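**Student:** I have a structure here, written as structure tokens, and I will follow up with some questions on it.
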Amino acid sequence: MDFLRIRQLPFMARRNYLIEMQHLLVWGLFAGLVEGTVSAVVVSKTFGGSNFLITVVQATPAFANLVSLVWGALIVGRAKMPIFFSLAAASVSATLTIAMTPDSQLGGWIFAIQICLARVFMSGVVTTRASLWKSNYPRSHRGRITAGLQIVRTLVSLPIILGCGALFDFDHLAYRWFYPGVACIGAVGLLVFRRVHVRGERRALAERSAIANGNDEDTIAEAGVVAPFSMVALVSPWQIIGRMREALRQDPRFARYCTAQMCLGSANLMVMPVNTIVLTKVLHLSYTSSNGLLDVVPRMVTLIMLPIWARLFDRVGVLRFRVVNSVCWAGSILFCGVGAMFAMLYDGGGWILGPALAAYGIGRVADGMAQSGGAIAWNIGHLHFAEDDKAELYMGIHVSLTGFRGLIAPFLGSFLYEIMDWGVFAVALAVSIAGLRLFKQLAKEEKLARKAAAKSTASVSAPVSGRMG
């Protein structure tokens, strides 16, 4: 327990935290394979996929989040654990079907669809898990708790990513049993997760039911309760989008926060497929080397940086945290852009390969620093704006906007790469700086508001203190 630092947590959070640690020791193998960049490398080198197909596979982790508005709406007012297990089982099932994928050009598209389905359901797992964290862990410790869980999740995924690179270098058809095998391991992790208890859920559902019974929608809204979405609404996207727009209209600060994230996330997504294309098709790196730069290096840096980011998050809050984190994202884009510029001059030999890989190495280190901070802020940053009953809806909004940029940004980046080569990184850098400026402005406004509130409190308490004297 000392190694996991469980005794430093509030007593009521310890049991669930320990169970989640045990769960992620197994589930993290599956999640790391499904969510990582391994699949894009497999499409490129095993199936000989086009740049467009590589972009499709690279984009699906973000694009799959577009469905998260539905997952977030599904969670509202309903028991979370059955939803979590249903979505996780669906993700495992989609991955198991890869065993039947043929080794052909059509097989590349089938593989892409299977990975997309697995990631769509995985996005629901992520959304539901964040909702569980809101219920089970106090706000004062969420940064450190999230970091601890992410460390375990990242640590166990490293052997899979390292091993599969060497495995695919040996046998490019290993996907037929490797993906289903890891999916079976992930299923075992779900058995461990059954012991998690959602604190206060029964009471909250009972109170929600008592408020809802016999009251109209206006009365329910005045009570601060978000009405559950009907099953009809869940398959009617316009109703959900309308609820999202209304929530953003009522909370302009959260809307601006989402805009800043849109800029930062879009910039990163624009260059993700380009990095895969450059390393696998221009520099012709092996499975192992490609996976190493694209996935292993960032994950190793993430392991080192997560505790540091966690302490910073709990100390300064999400807005100032995002300012620092944005600098890392911009640095990653800058150095990978320099690497792509050198790659443009590469002709299969010569000294140019060294500077290209060196620049990419620095860029991927910066990417790992950015990812480690993003792993915390992305999962729980929205709780800064919605600590109450709206948290699930806000998470759905935030994750779905991630999906929206995933639908556009990677394909825009791939298109810009075709017409301006490494110049796409300059465009992405400008967009990331715009996001940095928005976060900085929000942080400054919040700081000024706190100072004004402190002065107001002091001026009110001063006469009272005088009378007491």
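The values are calculated or read from the model by the stated rules, or taken from the named source; none is laboratory data. Being a predicted model, the structure only gives us computed values, none of them experimental. Here Cβ is always computed from backbone atoms with ideal geometry, including for glycine, and neighbour counts include all displayed protein chains.
**Student:** Take the residues in region 143-193 that are in contact (Cβ under 8 Å) with a residue 12 or more places away in the chain and outside any helix (DSSP H, G or I); name whichever of them is surrounded by the fewest Cβ atoms within 10 Å (Cβ to Cβ).
**Tutor:** The qualifying residue surrounded by the fewest Cβ atoms within 10 Å (Cβ to Cβ) is LEU173.
**Student:** Inspect all residues belonging to region 102-117 and state whether any of them is under 15 Å from the mean Cα position of the chain (by Cα), closer than 28 Å to ALA267 by Cα and either basic (Lys, Arg) or surrounded by fewer than 20 Cβ atoms within 10 Å (Cβ to Cβ) (or both).
**Tutor:** Narrowing region 102-117 to residues under 15 Å from the mean Cα position of the chain (by Cα): none.
Looking through region 102-117, none of the residues is under 15 Å from the mean Cα position of the chain (by Cα), closer than 28 Å to ALA267 by Cα and either basic (Lys, Arg) or surrounded by fewer than 20 Cβ atoms within 10 Å (Cβ to Cβ) (or both).
**Student:** Could you pull out the residue among ALA73, ALA40 that is over 20 Å from PRO102 (Cβ atoms) and of a type outside the set (Val, Ile, Thr)? First the steps, then the outcome.
**Tutor:** Numbers: ALA40 fails: over 20 Å from PRO102 (Cβ atoms).
Matching residue, one of ALA73, ALA40: ALA73.
**Student:** Would you call MET244 modelled with pLDDT of 85 or more, assigned to a helix (DSSP H, G or I) and either buried (at least 16 other Cβ atoms within 10 Å of the Cβ) or aromatic (Phe, Trp, Tyr) (or both)? Quick ask: steps written out before the conclusion?
**Tutor:** Details: modelled with pLDDT of 85 or more: no; assigned to a helix (DSSP H, G or I): yes; either buried (at least 16 other Cβ atoms within 10 Å of the Cβ) or aromatic (Phe, Trp, Tyr) (or both): yes.
Spelling it out, it is not the case that MET244 is modelled with pLDDT of 85 or more, assigned to a helix (DSSP H, G or I) and either buried (at least 16 other Cβ atoms within 10 Å of the Cβ) or aromatic (Phe, Trp, Tyr) (or both).
**Student:** While we're looking at this one, here's another question. Checking the condition assigned to a helix (DSSP H, G or I), under 18 Å from GLN58 (Cα atoms) and out of contact with any Gly (no Cβ under 9 Å at 6 or more places or on another chain), which residue from LEU407, LEU438, LEU416 passes? Please lay out each step first, then the result.
**Tutor:** On the way: LEU438 fails: under 18 Å from GLN58 (Cα atoms); LEU416 fails: out of contact with any Gly (no Cβ under 9 Å at 6 or more places or on another chain).
Result of the check over LEU407, LEU438, LEU416: LEU407.
**Student:** Condition first: touching a Lys or Arg at 6+ places or on another chain (Cβ under 7 Å) and under 22 Å from ALA130 (Cβ atoms). Now tell me which residues in region 153-200 satisfy that.
**Tutor:** Within region 153-200, THR154, SER157, VAL198 qualify.
**Student:** Still on this model: Could you tell me which residue of region 29-77 is surrounded by the most Cβ atoms within 10 Å (Cβ to Cβ), considering only residues that are under 22 Å from the mean Cα position of the chain (by Cα) and of a type in the set (Phe, Trp, Tyr)?
**Tutor:** PHE30
**Student:** Okay, moving on. Which residue is modelled with the lowest pLDDT, if the candidates are limited to region 78-101 and must be surrounded by fewer than 18 Cβ atoms within 10 Å (Cβ to Cβ) and not in a helix (DSSP H, G or I)?
**Tutor:** ARG78
**Student:** A follow-up question, please. Of all residues in region 242-257, which are over 18 Å from ILE433 (Cβ atoms) and touching a residue at least 12 places away in the same chain (Cβ under 8 Å)? So that I can check it myself, show each step before the final result.
**Tutor:** Here is the first cut: in region 242-257, the residues over 18 Å from ILE433 (Cβ atoms) are 242-255.
Matches in region 242-257: ARG243, MET244, ALA247, LEU248, ASP251, ARG253, PHE254.
**Student:** Take ALA40 and decide whether it is among the aliphatic types (A, V, I, L, M), assigned to a helix (DSSP H, G or I) and under 30 Å from VAL282 (Cα atoms). Spell out how you get there, then give the answer.
**Tutor:** Numbers: among the aliphatic types (A, V, I, L, M): yes; assigned to a helix (DSSP H, G or I): yes; under 30 Å from VAL282 (Cα atoms): yes.
Judged against the criteria, ALA40 is a match.
**Student:** Can you name the number of the only condition in (1) polar (S, T, N, Q); (2) without any contact (Cβ under 8 Å) to a residue 12 or more places away in the chain; (3) closer than 30 Å to LEU412 by Cα that SER86 fails?
**Tutor:** (3)
**Student:** In this structure, is TYR360 within 30 Å of THR46 (Cβ to Cβ), of a type in the set (Ser, Thr, Tyr) and not in a helix (DSSP H, G or I)?
**Tutor:** Values: within 30 Å of THR46 (Cβ to Cβ): yes; of a type in the set (Ser, Thr, Tyr): yes; not in a helix (DSSP H, G or I): no.
Spelling it out, it is not the case that TYR360 is within 30 Å of THR46 (Cβ to Cβ), of a type in the set (Ser, Thr, Tyr) and not in a helix (DSSP H, G or I).
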